[in-house]
Structure formats: C-alpha cells, structure tokens
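The structure appears right after this line, and notes come after that.
The values are calculated or read from the model by the stated rules, or taken from the named source; none is laboratory data. What you see is a predicted model, and the numbers here were worked out from it, not measured in a lab. We place every Cβ from the backbone using ideal geometry, glycine too, and count neighbours over all the protein chains shown.
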Amino acid sequence: MTVADVFLVLVALGFAWSMGAHYTGACMGMPYATRSISLRGALWTMAPLTLIGATFLSHKVLGNVGHNILAANQIGSAPAIAIIAAAFLLTTIFTQRRIPTSTIQILVFCVIGTGAALGLAIRWDTIIHLAVLWVVAPPIAFVLGYVFTRLFDVLPGFASSGAAGQIGRALVIVGGAASLTMGANDVSNATAVFLTTGFSGPLLAGLIGGAGLAVGVLTWGRPLLERVAFDVVRMDMPMATAAQLVQAIVVLTAVLFGYFTSMNQALIGAMAGTGFARGRQTIDRKVIFGILRGWIIGPAAGAALGYVFGVLIKLA
C-alpha cells in the first residue's frame, strides 16, 4: 500500500463519516419524530444496519459508480483523492449548517469538475441516466406520500391509540430498512473510487465505507436527525409511516437496478406529499425552500470545487 493509497482511504473514511451524520434524518427521522424511538435508540439502530447494507448489499452500485461514470477503467490515486476531498468538504459544510442535500449529486458533480480539469473522459450516458432518476424520484415520492397518507387515514383503527404502539414499532422497522438501504445506496459515494483506482474490490470498499458511515451516525448524527424530524413538516403517525415507507421503496428500487438516488430528496419529497395530504399549513415553506436551494447549490459547488481541486492536482 502506497502513501497515496493510505491518504485515499483516510479521505474516503472522512467522507463516509460525514455522510453517516448527514443521513440520520433521512433514515430515522420519522420514527424519532413520532417518539416511537429515542434519540440514542435511533442512532444505535441505524449504525449497524448501515454497516451491513454497505458491506453486503452495495456491490452492484459500487461497480456502477466505480466503473461507469469515468470512461477509463482506472484513474490514479491523486484524481480520486481530489474528487473525494471536494465531496467530503461540501457534505461537511451542509451537515454543519443542518441542510439536507444530496451527497450523491455532490459526488457526481465533483467527478465531472475534476474530470474536466484533468481531461478525463466522462460517461455522459451514465450521467444522463442518473439525472433522469434524480428528477423523477422526488415527484414520485411526493405522489406516493400523498396516496399512502390518504390510504392510512381510511384504514380502520390506524390512528387509534390502541394501534399507535404497533404502528410505532412498525415505523422503527421501516426506519431500519431505510438505514440498510442507505448503506447500500450511499457507501459508493465514498469508496467506489477504490474500484476505479484498483485499490480494492466491492466487499472491502463496502466494509471500509460502511464503518465510516456507522461512526458518523453515532458521533455527529443528532443535528440532521432533529432537523428532519421536527423542522420540515409537522408529522402525525400516518404521515410519518407513509413518508418513511415511500422513501425506502423509491431508493431500494433504484439500488436494485444498480443506481443510486438521494435518500434526502426521496424523504423530503414524500414528506411534502404527506403534508399536502393534510393541508399546506403543515409544511414549513421556509425550511423547504432552504432545502431546495441546497439541492441546487450542492451540485454546482461540487462541479466548481472539483474543477479547482483538479487544477491543483494538475499543477502539483
């Protein structure tokens, strides 16, 4: 293992750590919002499931991201470090500001920026496929969130006090499924470059990235968990169940086809749909607009910062 490889692993672990913290709200926000689970319980439920999903269920996505975004089969460690460092920095900034964004889109646009600076061939067909998925996923989640909320409203006894405990436990299970999905879906952001550089195969890449994700959940997961749980939409039990279930369905469907999509965008879209089912007064439009700005700024900043880091690598 070279010094460059060691540095690449450290940067990738840092990015995974930041992502783990960033996605606590996306995975366990709804069970926590309904007080179906405690803060500590939410984080300690999410962390091991994220590690399992990253280690064993991420291989198809890792292969797609590692080999199908850049046309070259392999790139050197220096460009890989530039890509991951730029994505790590931006994700950490968004997490610190408690703004849910798409680390997937940040990563892909960092690849585009760095690739443009270094003259690397980019697989635009893959980028277009991902972009289409990113565009359609939130509206689909919105519609499903609306439909599921209405459905749960008419189910006999769903919102009754007697059923609340059972529904709460089911919601924790759905949050656990979302955590498993997050590991499978998002670990490729940090460690797919291990495949691109030839450093490792998918199993080791998933294990290393999953460990970073789990540590991030436990050490810095509280801010985004509370932001998503309490600041976006005022949730009741049917709304929370619908939102978390829809998110898991949308993201897991993408993972099964070897693509990754945004956990946060799927959940926020579903939450907006549940809020619309209840009436616009349940949605904090100021917070929603702030999140939408983050979705625009994140990719643009990723492309710009990736280009700058690529130029620095080229000059070094």
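Brief remarks follow.
- Subset of the stretch 80-95 (residues that are more than 13 Å from Met19 (Cβ to Cβ) and among the small types (Gly, Ala, Ser)): Ala80, Ala82, Ala85, Ala86
- Residue in the stretch 184-191 that is free of Cβ contacts under 8 Å to residues at least 60 places away in the same chain, part of a helix (DSSP H, G or I) and either among the basic types (Lys, Arg) or over 15 Å from Ala33 (Cβ atoms) (or both) present: no
- Some residue of the stretch 111-121 being within 25 Å of Val251 (Cα to Cα) and assigned to a helix (DSSP H, G or I): yes
- Any hit, the stretch 62-76, residues being within 16 Å of Leu312 (Cα to Cα), surrounded by fewer than 22 Cβ atoms within 10 Å (Cβ to Cβ) and of a type outside the set (Val, Ile, Thr): yes
- Residue in the stretch 1-17 that is farthest from the chain's Cα centre (by Cα), counting only those that are in a helix (DSSP H, G or I) and free of Cβ contacts under 8 Å to residues at least 60 places away in the same chain: Val3
- Residues in the stretch 259-286 that are assigned to a helix (DSSP H, G or I), among the hydrophobic types (A, V, I, L, M, F, W, C) and crowded, with 19+ Cβ neighbours inside 10 Å: Met263, Ala266, Leu267, Ile268, Ala270, Met271, Ala272, Ala277.
- Being surrounded by 20 or more Cβ atoms within 10 Å (Cβ to Cβ), assigned to a helix (DSSP H, G or I) and at pLDDT below 85 is a condition met by no residue of the stretch 193-205.
- You will find that of Leu107, Leu49, Leu62, Leu90, the residue that is over 21 Å from Leu252 (Cβ atoms), in a helix (DSSP H, G or I), in contact with a Gly (Cβ under 8 Å, 6 or more places away or on another chain) and among the aliphatic types (A, V, I, L, M) is Leu90 and no other.
- Subset of the stretch 130-182 [assigned to a helix (DSSP H, G or I), among the hydroxyl-bearing types (Ser, Thr, Tyr) and modelled with pLDDT under 85]: Ser161
- Given (1) among the aliphatic types (A, V, I, L, M); (2) without any contact (Cβ under 8 Å) to a residue 60 or more places away in the chain; (3) under 26 Å from Cys27 (Cβ atoms), number of the condition Met263 does not satisfy: (2)
- The stretch 18-35 residues that are among the aromatic types (Phe, Trp, Tyr), paired with ones that are surrounded by fewer than 24 Cβ atoms within 10 Å (Cβ to Cβ) and modelled with pLDDT of 95 or more (beta carbon under 9 Å, 6 or more apart): Tyr32/Ser38; Tyr32/Leu39; Tyr32/Gly41
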